[in-house]
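Encoded as structure tokens, the structure appears first; notes follow it.
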Amino acid sequence: MSKKLTATFAVLIVALMLTGMSYALWSKTLYIYGDIYTGDLDAEITFFFHNDYGIDPGYTKDVGSCTCTIDEVDPQKGYIIIENGYPSYSVHYSITIKNTGTVPWIMQNITVDGTSLPNNQWVQIDVDGDGDYDIEFYITDSLGEQVDPGDSIETSLDTHIMQGAEEGSFFEFTISFLLVQWNEYVPPS
């Protein structure tokens, strides 16, 4: 009987030792030292062109005029100024945006003065708040395209002054881009 008791006691002691060692190994805190480097998500407008140099597009007179510039401090913004605009005055813009970071990005959103512009759809804006639409904007196939580091994307923007605008109107707009990391893009619903 004492041999059985001694053997049982020895087995219990070994089992407790193994359980203790296992617990100690499972609960041990490990410290790992090192550096983590992330990429940069950055872009800038490198080219901003419009087609109104001289005679108004589609007409034989030079009445309206347009200026487009890139913000010197934040080159992800561009400015559009239309002077002496009139109903049916239209301007086409070409904007090139370059990925100057190290992470691929996707264009999530384009806004004009805070108004979101969806792909391939006219968006009308009542600038003076009188209830009549004054101008409309249209972008072409820009949202949802991935741009790798060093590559560029060209987007087209069109403006059309509507019948609600007065002749000789002055318009000033800011266009900006929301770019997201390639794996953070949310397609429009």
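In a fully extended conformation the segment linking VAL180 and ASP35 would gain 49.8 nm over its present Cα-Cα distance, using 0.36 nm per residue.
Anyone know which of ASP130, ASP71, ASP52 comes out most mobile in the 10 Å Cα GNM of the chain? Taking springs between Cα atoms under 10 Å, the residue moving most is ASP130. In sequence order, region 153-169 has phi-based couplings of 10, 10, 10, 10, 10, 10, 10, 9, 7, 9, 5, x, 7, 7, 5, x, 5 Hz under the Karplus curve 6.51 cos²θ - 1.76 cosθ + 1.60, θ = phi - 60°, and Gly or Pro positions carry x. Helix 2-26 and the longest principal axis of the Cα set of the chain meet at an angle near 20°. Count charges around PRO149 for me, please; just the other residues with Cβ under 14 Å from its Cβ, Lys/Arg as +1, Asp/Glu as -1. Combined, the nearby Lys, Arg, Asp and Glu give -4.
What you get for region 43-181, charging only the Cβ of Lys and Arg (+1) and of Asp and Glu (-1), is a dipole of about 420 debye around the Cα centre. The candidate values are (1) 8, 27, 22, 11, 6, 5, 6, 6, 5, 3, 2, 0; (2) 8, 31, 31, 20, 8, 1, 0; (3) 9, 29, 26, 18, 11, 6, 2, 0; the one derived from this structure for P(r) over Cα pairs in 10 Å bins from 0, in percent carries the label (1).
Stretching the chain fully between ASP148 and SER94 yields a gain of 17.4 nm (0.36 nm per residue, less the alpha carbon separation).
Considering only ALA165, HIS50, GLY78, and ranking their Cα positions along the charge dipole of the chain that arises from unit charges at the beta-carbon of Lys, Arg, Asp and Glu, the one farthest toward the positive end is GLY78. Stretching the chain fully between ASP42 and ILE13 yields a gain of 4.2 nm (0.36 nm per residue, less the alpha carbon separation).
No value in this document is a laboratory result; all are computed from the given coordinates. Source: prediction; values computed, not measured. In this analysis, Cβ positions are derived from the backbone assuming ideal geometry, glycine residues included, and neighbour counts consider all displayed protein chains.
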